[in-house]
Amino acid sequence: MTVRHRITVEELESAWNSRLCPALRKRVETSDLTYEVLTPEERDAYLIEVVEELMKPNVVKAGPHRQADWEMGWGENLAILQSGTPAEAIMPRYHGKRSLVRWRQEVVRPVEPLFDYRIHTILVDWAIDTFLKDVGSLFEFGCGPAYHLLRARQFNPSAKLVGLDWATASQKIIGEIVTRGIETNIQGFNFDFFKPDDSIKIPSNSGIYTVAALEQVGANFEPFLQFLLEKRPTICMHLEPIDELMTPGHLIDRLSVMYSRKRNYLNGFLTHLRKLEEEGRITIHKEQRTYSGSFFLEGHSLVVWSPR
């Protein structure tokens, strides 16, 4: 017998240890966040598939060499937007690709194909509403098709929105958004995590954030971190794979960490931030799991900090 469970407002608030604002509570209540619990046989089949993936000698690793791939990916989003599709319908095409996702240290089967997109955007919007709703300028580094920035407007009505990405297609998407009058108080810049552009100005009372973007730098996060320490935004928020927050003795968590290492995703970032806090250079406001993830990875743990 198939066991189904629907994620409620109360469950999300418990998982994230926070209250949702009325708008997000309504989104949760009107979204189909129902999933099926896997049978033991289905869970075994999942585990075997992950182990086989980890045993492959060659996988695509994150790094500077993948810039062309992201240019092509966001170029597809640009073409969809230019075809007349509403900007709010633009999303990365990796959403909904897999039939299984991670939730609260287990693997589940969503009933609605875009379950991962629904819960992902609720998560991002909750984090923006919680930590970035009062800043005067809001910078998203690695913004892709700018879909998070567009939704951020409802939680911060007056902020200057700035989207930065190393793919030029991203800036063209933002240009289309401005040209169509979808959002006019927004600007796009080309930005490479590996070679930060020091000419970019971050005004006082600015917030910056990344969502599954800094993951692409592996252990080479120092250039971007130094950029932030020099520019001194008011607050920095990241929703990224953070190995330090996983439970080493938990099988599903351990597989997430192993996959992250296999793909050369973000590594050692929180450990370095903790060291900077010990040195008195930054203040860490929050570090916590959000318990949501994709087939292979719990990739959206939350870290919030500020330069001192």
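Considering only Asn58, Ser260, His95, and ranking their Cα positions along the charge dipole of the chain that arises from unit charges at the beta-carbon of Lys, Arg, Asp and Glu, the one farthest toward the positive end is His95.
What's the local net charge at Ile174, with K and R +1, D and E -1, over the other residues with C-beta under 10 Å away?
That works out to -2.
Once you reduce the stretch 144-197 and the stretch 232-249 to the center of their Cα atoms, the two points are 23 Å from each other. Summing charges over neighbours of Asn264, with a neighbour being any other residue whose Cβ is under 12 Å away from its Cβ, gives +4 when K and R count +1 and D and E count -1. Only beta bridges with both residues in the stretch 190-308 are counted; by DSSP, about 70 percent of them are antiparallel.
Sorting 15-22, 71-78 by average packing, meaning the other beta carbons within 10 Å per residue, from highest down gives 71-78, 15-22.
Electrostatic tally near Thr30: other residues with Cβ closer than 15 Å to its Cβ, Lys and Arg +1, Asp and Glu -1, net +1.
Summed over qualifying helices (DSSP H, 4 residues or more, each -39500 (n - 2.57)) and divided by its residue number, the chain shows a 222 nm mean residue ellipticity of -11500 deg cm²/dmol.
If you average the C-alpha positions of the stretch 82-137 and of the stretch 1-79 separately, how far apart do those two centres end up, in angstrom? Distance between centres, Cα-based: 9 Å. Net charge dipole, the chain: roughly 400 debye, given to the nearest 20, about the Cα centre with Cβ charges of +1 for Lys and Arg and -1 for Asp and Glu.
How large is the accessible surface per residue of the chain, computed with a 1.4 Å probe and reported in Å² as a whole number? Dividing the accessible area of the chain by its residue count gives 44 Å².
Most fluctuating residue of Asp197, Asp243, Asp125 in a GNM of the chain with Cα springs under 10 Å: which is it? The residue with the greatest mean-square fluctuation here is Asp197. Mean-square fluctuation check for the chain, GNM, Cα pairs under 10 Å: which of Ser14, Ser199, Ser31 is largest? Comparing Ser14, Ser199, Ser31 in the GNM, the peak value goes to Ser199.
Of all accessible surface on the chain at a 1.4 Å probe, what whole percent is carbon and sulfur?
Carbon and sulfur: 52 percent of the exposed surface of the chain.
Charge dipole (Cα centre; +1 on Lys/Arg Cβ, -1 on Asp/Glu Cβ; no other charges) of the stretch 157-218 amounts to roughly 180 debye.
Residue ranges 126-137, 35-46, 246-257 sort as 126-137, 246-257, 35-46 when ordered by packing (mean number of other C-beta atoms within 10 Å per residue, highest first). Taking the alpha carbon gyration tensor of the stretch 103-259, multiplying each eigenvalue by 5 and rooting it gives semi-axes of 27, 20, 15 Å, largest first.
Would you work out the charge dipole size for the stretch 1-139 about its Cα centre, treating the Cβ of every Lys and Arg as +1 and the Cβ of every Asp and Glu as -1, and quote it to the nearest 20 debye?
Working: 18 positive and 22 negative charges, 35 e Å.
That gives a dipole near 160 debye.
Close lysine pairs were tallied over the chain: pairs 8 or more places apart or on different chains with Cα atoms under 22 Å apart number 21.
The values are calculated or read from the model by the stated rules, or taken from the named source; none is laboratory data. If you're wondering where the values come from, they're calculated on a predicted model, not measured in any experiment. Every residue, glycine among them, receives a Cβ derived from its backbone with ideal geometry; neighbour counts consider all protein chains shown. Each accessible area value is taken on the protein alone, full model and side chains, heavy atoms only, with ligands, DNA and RNA left out. Shrake-Rupley method; radii C 1.70, N 1.55, O 1.52, S 1.80 Å.
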